[in-house]
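Just so it is clear, none of the values below were taken in a lab; they were calculated from the coordinates. If you're wondering where the values come from, they're calculated on a predicted model, not measured in any experiment. Every residue, glycine as well, gets a Cβ built from its backbone with ideal geometry; the counts of neighbours run over all protein chains shown.
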Amino acid sequence: MRKLVILPAVFALIIALLLAAGCGNKTTVKTPQGSADIEEGGGGGKITLNEGGEPATLEQSQTAPTEAELGAPIYPGAEYDAENSGSVNHDNQGASSASGTARFLTSDSYNSVVEWYRGKLGDEGSNVSDIAQWTIGDVMTGNYTIVQVEQSEPKTIISITHMAVSIQ
């Protein structure tokens, strides 16, 4: 659950830094631990943190990821919410990790969306306070996808978070 709180904060940082960088620019910002390279283009942006060790890359794109990239089905007709989506890639001493969250919005009711996902993924792992959640894969290995459906107004929110860890 902690990752679900941290990822939106990271993506908010990405968006704020991209806005500060300006459109179509590449900027390097010095930090106490190293530097951050900020690039923005018409289709999104990228931040590379160089703070000792291997760099970490944070990306935000205007293009929705595919179901194959996410490891879960995308609700039909849902709109991609690029401003609240993004990914983080990190390589460190032979291990790499990649995580990303794609947020989608639909005018369909919470109950309709939950029923559709039940048909695709089976019963949810949890359903508390109008938030249903499914976990696909093995959390213990670091290779999994979480699908979360949240009742909200005026639209139902669907968040799909994919995590992949590779040790070489």
Legend entry - Rough spin-label spacing in nm, given labels placed 7 Å along Cα→Cβ, for Asp130 and Thr31: 3.6 nm
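What ranking do Ile158, Ile136 get, fewest neighbouring Cβ atoms within 10 angstrom at the top? Show your work: numbers first, answer last.
On the way: Ile158 25, Ile136 19.
Listing Ile158, Ile136 from fewest to most nearby Cβ atoms yields Ile136, Ile158.
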Inset, instruction - Let me know the Rg and Dmax you get for region 118-168 when you use only its Cα atoms, in Å. - result: 12.8, 45
Legend entry - Label-point separation in nm, Arg118 to Asn143, each point 7 Å along Cα→Cβ: 3.1 nm
Inset, instruction - Report the label-to-label distance for Glu39 and Ser152 in nanometres (one decimal), using points 7 Å from each Cα along the Cα→Cβ vector. - result: 3.0 nm
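Mind giving me the FRET efficiency for Ser109 and Glu83? R0 is 35 Å, r the Cβ-Cβ distance, nearest 0.05 is fine.
After rounding to 0.05, the efficiency reads 0.90.
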Inset, instruction - Compare the peptides 119-130, 28-39 by average per-residue count of other Cβ atoms within 10 angstrom and give them in order, highest first. - result: 28-39, 119-130
Inset, instruction - Name the long-range amide H neighbours of Gln62: under 5 Å, sequence gap of 5 or more, or other chain; modelled H, no Pro or chain starts. - result: Gly44
